[in-house]
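S.K.: Structure provided below as structure tokens; questions to follow.
The values are calculated or read from the model by the stated rules, or taken from the named source; none is laboratory data. These numbers were taken from a predicted model, which means no experiment stands behind them. Here Cβ is always computed from backbone atoms with ideal geometry, including for glycine, and neighbour counts include all displayed protein chains. Accessible surface areas use protein heavy atoms only, side chains included; no ligands, DNA or RNA. Shrake-Rupley method; radii C 1.70, N 1.55, O 1.52, S 1.80 Å.
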Amino acid sequence: MPTSDKRTSSRARKYGLTTLRVAIAGALLYYLVISGALKWSAILELVKAWQSTGAALVLLATALVLTAWRLCVLLRPAGFHLSLVASVRLTLIGTFFNTCMLGSGGGDVVRIYYATLGNVGRRTEVVTVMLLDRVAGLFALMLWPLLVILPLRTPLTSNPVVAGLLASAAAIALAIAALLTIALSGNFKDSRLVKGTLEILPGGGYLRRALETVHSYKAGRVALAKAVGISLIAHTVAMLAT
């Protein structure tokens, strides 16, 4: 096929996909309106309070960019490069599927799918880093109330429910920190028990490569600390938006 015909076919395919996406978006909006899930009166209220709405949107966009930056930071020690623009696109795709589809884990699956497309042969490492990205975000989320609420010693901390939530957050944060410390330990990765277990388990080769990827952050602990710091800022900004 001549080069000009290939370009024409590629453009036609691109425009066709764009048209299909717009049509699906329009159909979804129409369904939301007729089902009553989308109320224009509520949206008009947001428009009336445009100062608060605009500020919230700016803060949410900032939190989204920070979250995307965190993935860029974590990918570098593993030998990958992802531009901030590409990471923002991945984050937007994941946010859409988490928000608009059933379940909150669909977005992560889609993000992983797109991130692994151009990394044939290293997909296990990419998946591991992206899961580590989520772990860093969860660790920061559990750490946030411990750093902010506990030092203030407000009356809230004496509430049994709040105290229980803080204790749960502390337990989860400690568990994540302990697991990461063990995974980063050379003795753990090279132990006979771990090697023997990985040889027996189905998919042990993938698990070994995943463990080696996590262990590679032993020399890149600064990246892990930076990722947690970025997450703390992102969570704070998102809470301000709320």
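S.K.: So, in Å, what gap is there between the alpha-carbon centers of region 120-174 and region 32-47?
M.R.: 34 Å
S.K.: Once Rh for region 32-78 is found with the Kirkwood sum over Cα pairs, what is the Stokes-Einstein diffusion coefficient at 37 °C and 0.692 mPa s, in µm²/s?
M.R.: Working: Rh = 13.3 Å.
Value of D from the Cα-based Kirkwood radius: 247 µm²/s.
S.K.: Over region 21-168, average the accessible area per residue using a 1.4 Å probe and give it in Å², no decimals. Write out the running numbers ahead of the final one.
M.R.: Working: 9380 Å² over 148 residues.
Computed with neighbouring chains in place, this is 63 Å² per residue.
S.K.: Computed FRET efficiency, Cβ-Cβ of residue 174 and residue 85, R0 30 Å: what is it to the nearest 0.05?
M.R.: Values: r = 36 Å, r/R0 = 1.21.
Taking R0 as 30 Å, the efficiency between residue 174 and residue 85 is 0.25.
S.K.: Roughly what would the spin-label model give for residue 242 and residue 146, points 7 Å off Cα along C-beta, in nm?
M.R.: Output for this residue pair reads 1.9 nm.
S.K.: Need the full-extension length gain, residue 182 to residue 219, defined as separation in residues times 0.36 nm minus the C-alpha distance. One decimal, nm. Mind showing how you got there, number by number?
M.R.: Working: separation 37, 0.36 × 37 = 13.32 nm, distance 1.45 nm.
Gain on extension, residue 182 to residue 219, equals 11.9 nm.
S.K.: Also, quick follow-up: With θ set to phi - 60° and the Karplus curve 6.51 cos²θ - 1.76 cosθ + 1.60, what are the ³J(HN,Hα) couplings of region 161-166 in order, to the nearest whole Hz, using x for Gly and Pro?
M.R.: For region 161-166, the Karplus-derived couplings read 5, 5, 4, x, 5, 5 Hz, x marking Gly and Pro.
S.K.: Here is a follow-up. Which value in nm describes the separation of the simple spin-label points at residue 167 and residue 226, placed 7 Å from the Cα toward the beta carbon?
M.R.: Taking the two extended label points, one gets 3.9 nm.
S.K.: Obtain the nm distance between the two label points defined at residue 159 and residue 100 by a simple spin-label model: each point lies 7 Å from its Cα along the Cα-to-C-beta direction.
M.R.: Taking the simple label geometry, residue 159 and residue 100 are separated by 3.5 nm.
S.K.: Would you mind calculating the gained length between residue 22 and residue 40 on full extension (0.36 nm times residue separation, minus the Cα-Cα distance), in nm to one decimal?
M.R.: On the way: separation 18, 0.36 × 18 = 6.48 nm, distance 2.04 nm.
In short, 4.4 nm is gained.
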